[in-house]
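First up is the structure itself, then whatever we jot down about it.
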Amino acid sequence: MIPITPHIALDESELEITFVRSSGPGGQNVNKVATAAQLRFDAARSRSLPADVRARLVARAGSRVTREGVLIITARRFRTQERNRADAVDRLVALIRAAATPPKPRRKTRTPRAAKLRRIEGKRRLSATKRLRGRPADD
């Protein structure tokens, strides 16, 4: 089990990690060794996550989620499989933690009356200034 929050833990059996060739650093090994980790997590059908967290996770992940609801994270920062695997899992945990915090509700506010009056007075002042710049009236 991978702990996410005090109430949420992720079952490791839900993660599928494969290793592919990386385009990152590696010297002569780059064409021979598959060091990049590709983590797949079926976010849409996960039993470890509550429904609201699942929905926020899919929305937050954006283009990293397939049509079927599978979240794909590719880690290729490091030269070893172990470090890339740990990096992918850490990034998934961070993403789920961010989705686990519910959004703060928006509270409706109104523009204060004094602010409206200041705005109107400023417009009136600017209008008078511009009127004075015009041609003198024929009397």
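Each reported figure results from applying straightforward, stated rules to the coordinates on display, with no laboratory input. Note that this is a predicted model, so its numbers are computed, not measured. We place every Cβ from the backbone using ideal geometry, glycine too, and count neighbours over all the protein chains shown.
Taking N as the number of residues in the range 56-139, what is its alpha-carbon radius of gyration divided by 2.2 N^0.38 Å? Relative to the rule-of-thumb radius for its length, the range 56-139 sits at 2.42. Label separation (ARG133 vs ASP11): 7.2 nm, computed from points 7 Å beyond Cα along the C-beta direction. Farthest towards the positive end of the charge dipole of the chain, among the residues ALA98, PRO112, ALA59, is the Cα of PRO112, using unit charges on the Cβ of Lys, Arg, Asp and Glu.
Summarising the overall dimensions of the range 2-100 from its C-alpha atoms, the Rg and Dmax are 14.2, 46 angstrom.
Provide the FRET efficiency to the nearest 0.05 for the THR111-VAL58 pair, computing r from the beta carbons and using R0 = 25 Å. E(calc), rounded to 0.05, equals 0.10. Given a Förster distance of 41 Å, report the FRET efficiency between ARG124 and LYS104 from their Cβ-Cβ distance, rounded to the nearest 0.05. After rounding, the FRET efficiency stands at 0.60.
Helix 81-100 against the longest principal axis of the chain: what's the angle in degrees, Cα atoms only, rounded to the nearest 10? Its long axis makes an angle of about 40 degrees.
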